[in-house]
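Shown next, in structure tokens, is the structure this report addresses.
The values are calculated or read from the model by the stated rules, or taken from the named source; none is laboratory data. Quick caveat, the model's predicted, so the values are computed rather than measured. No Cβ is skipped: glycine too gets one built from the backbone with ideal geometry, and neighbour counts run over all protein chains shown. In case anyone asks, the SASA skips ligands and DNA or RNA and just uses the protein heavy atoms, side chains included. Shrake-Rupley method; radii C 1.70, N 1.55, O 1.52, S 1.80 Å.
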Amino acid sequence: MKHHQKLHLHIGLRMFKTALAVTIALAIARLFQSYSPIFAGLGAVVAMARTLRESLDAAKTQFVGVILGGIVSMLLLVIDPTPSVLLIGGGVLVSLALCGIFKLYYAVSLTAIIVLSVCVSTGGDPPLVALGFRLIDTSIGLSVALAVNMLIKPYNNRHRVTNLLHKLADAVPGCLEQRFVYDLTPDLTPMITDLRALDVELDIFRRQHFRRREAHDRDLCFLRSLFQLADRMEQELSALCTLDLPGIPDADNRRRLEELGLTLPDFTGRKSTEEIDFVCNYHLKTALQAREYLLELLELPPESH
């Protein structure tokens, strides 16, 4: 008996903004009776990136790509006003190679399209005029995408960052329970994976533009400091796991562990040494202090730092 899997339609904000930007760009292009409105649509699609900084970078690269494609196509037409298929193919190859040299990776496709559109079909206009239309239309699409991305709920992943920080803090009690209650070595791979994801999210947060730039920079510095605390927790847990024996927590650390909800065993008779206990309590205390400080800072409202 076959089981039919349900399809879940999810239209995210970025999808909606892309469709809206394309619609507005095409409407503007048609309003001015553009000869190549498709370039307005293409410009809107490629410039609708996740963050405003990425949108700006994409718009800049695409615009440069259009100019680069225009220069290559003009050179081809100088060589031969009616370029052969082989010559056009060579022009496309040159344009792609130039994109690689100048690291215009976003512009690769559009640069080749410009070469093809100018050399193969100009809509009855002189090549230079046709190129001008394509520049104007692409600029319309890029500008509309930037405006839509800026004005309609700009991307903000701060909530994702704080969620990951809470997740890392929440993982600590379980790791300590395995180490001190069950005398096992916890698997820290999930924490390391979450730390890497957090680092990526912080880089995305850095690339977000806000009107209050100074406040954004302060918030980024604050979140980076929280990342350092989370990283310190993982380092201290790793240090605990490298000990030959788990060690015996002192009275202060036992109290802290019990406050986390751990039911500690009777450590009487547990094999250990004075040196291992000293190192164990140092790393355990540092990990717990880092976690406590992290959770305290996470409770602060964004405007307070």
Practice task
Considering every residue within the range 258-267, establish whether at least one is of a type in the set (A, V, I, L, M) and within 32 Å of the chain's Cα centre (by Cα).
Solution key: no
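Might you let me know whether the range 65-76 holds any residue that is open to solvent by 80 Å² or more (accessible area, probe 1.4 Å), free of Cβ contacts under 8 Å to residues at least 12 places away in the same chain and under 29 Å from residue 144 (Cβ atoms)?
Yes; the residues of the range 65-76 include at least one that is open to solvent by 80 Å² or more (accessible area, probe 1.4 Å), free of Cβ contacts under 8 Å to residues at least 12 places away in the same chain and under 29 Å from residue 144 (Cβ atoms).
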Exercise for the section: Scan the range 35-53 residue by residue and report those that are open to solvent by less than 30 Å² (accessible area, probe 1.4 Å) and not hydrophobic (A, V, I, L, M, F, W, C). Expected result: 36, 41, 43, 51
Handout entry: From 22, 72, 64, residue being of a type in the set (A, V, I, L, M), more than 30 Å from residue 203 (Cβ to Cβ) and modelled with pLDDT of 85 or more
Key = 72
Practice task
Please verify whether the range 202-222 includes one or more residues that are modelled with pLDDT of 90 or more and surrounded by fewer than 14 Cβ atoms within 10 Å (Cβ to Cβ).
Solution key: yes
Practice task
Kindly indicate whether residue 196 is within 18 Å of the chain's Cα centre (by Cα), open to solvent by 80 Å² or more (accessible area, probe 1.4 Å) and under 30 Å from residue 233 (Cβ atoms).
Solution key: yes
Problem - Scan of the range 166-197 for residues that are farther than 16 Å from residue 257 by Cα and in a helix (DSSP H, G or I), ordered by number - result: 166, 167, 168, 189, 190, 191, 192, 193, 194, 195, 196, 197
Problem - Residue among 286, 268, 263 that alone is among the β-branched types (Val, Ile, Thr) and part of a helix (DSSP H, G or I) - result: 286
